[in-house]
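Worksheet for the structure shown next.
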């Protein structure tokens, strides 16, 4: 019983005396110097990793964020490269191709319908037989015409069917050929015609091209708003946090006031006040590049950018202020101040670079918020000006024919949802990758 070792108690601070007694049993070989090979295997030299390399490594391990990044890349290609591959403009009208469904068929299928429709119409069958007889130098008698008419009425496969029934029997939608009359003539002449993949609207405009341009407008507005928020919010928040005291108190009360202002009301007020001035500027400067750009954007979109600069930076400023309040107590800031560095240099060279993770994440998460606001305002009719389109205005236009053309609402609404979800998921992944406290 005396030789039985006691088991250590879990959580006890008492050292394991029995194991320490075994130290006397060590041999001289245990104290022999390590061989060079053993030293190399014991200390492994590893390549130094920078902050961004480490963040990218952790971001790649986040499968959801990488899928979201892939979706964003596909949407960018769809919005900016897609219109170059389609021979239609977002405001181009295709006469004869109005209200087409997103299905398209070949000329052979259309010829199949024409043949079936001819067999279903007795008078058309007689006219075709008469034309064939005249081509051979013969003449059909009244008896032969009566026999052809009777055969078409009773013996044909599509005899007695209406036009809609013939389309249904052939599995072809009456309005789903996907080509205008002009395009059919070009195809008959051997030219290659790009089909209307998403169909056309009531004016004959290609819906897919308009969806591409609408996605482009939403992305540009989201990125522009994020840049405005980045510049104003970072500067305002860093100054407020670095100065502190009464300056910080006054600046934060201004932020509180801005928080209480509804952005939709501000956009409507700015748009209403700018519209006559912008119209006058465009009229007085015909052909000017700036005037043409303002004509394309319209007063509503310009008012939206102004509201971003007035209201949307407050969240960014508060996040940066909180980070600056923590960082300005660090030793390197005290050393820079002791060496005579100015406040602007300390903010620019020492504080803001150490907030880069929070800045990037907040900027990325601001993009879907701006996209949603633009889509919402365009849906209400106070967004982009016609003929320029956006996803929100396409949803508004689709309401007039929702029961017959449901896909016109589903397509832009789905793209808006996927775009906002992708940016949010990617922003969450960036936050996990750039925050040093979340390292694994």
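Here's the yes/no breakdown for (1) buried (at least 18 other Cβ atoms within 10 Å of the Cβ); (2) touching a strand residue (DSSP E or B) at 6+ places or on another chain (Cβ under 7 Å); (3) in contact (Cβ under 8 Å) with a residue 60 or more places away in the chain:
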| position | (1), (2), (3) |
| --- | --- |
| 232 | yes, no, yes |
| 235 | no, no, no |
| 245 | no, no, no |
| 264 | no, no, yes |
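Just give me the residues in segment 403-440 being at pLDDT below 75 and either crowded, with 17+ Cβ neighbours inside 10 Å or in a loop (DSSP other than H, G, I, E, B) (or both), in sequence order.
435, 439, 440
What residue, of 82, 89, 96, is surrounded by 11 or more Cβ atoms within 10 Å (Cβ to Cβ), modelled with pLDDT under 90 and on the phi > 0 side of the Ramachandran plot? Just a single option satisfies the conditions, and that option is 96. Look at residue 361 and say whether it is on the phi < 0 side of the Ramachandran plot, modelled with pLDDT of 85 or more and assigned to a helix (DSSP H, G or I). In short, no.
A quick yes/no check of all residues on (1) touching a strand residue (DSSP E or B) at 6+ places or on another chain (Cβ under 9 Å); (2) farther than 24 Å from residue 390 by Cβ; (3) surrounded by 13 or more Cβ atoms within 10 Å (Cβ to Cβ):
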residue	(1), (2), (3)
287	no, yes, no
299	no, no, yes
330	no, yes, yes
333	no, yes, yes
336	no, yes, yes
343	no, yes, yes
346	no, yes, yes
349	no, yes, no
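Taken over segment 32-55, residues that are part of a helix (DSSP H, G or I) and modelled with pLDDT under 75 amount to 7. Taking (1) at pLDDT below 80; (2) touching a helix residue (DSSP H, G or I) at 6+ places or on another chain (Cβ under 9 Å) in turn, residue 58 satisfies each apart from (1).
The values are calculated or read from the model by the stated rules, or taken from the named source; none is laboratory data. Because the structure is a prediction, the values reported are computed rather than measured. We place every Cβ from the backbone using ideal geometry, glycine too, and count neighbours over all the protein chains shown.
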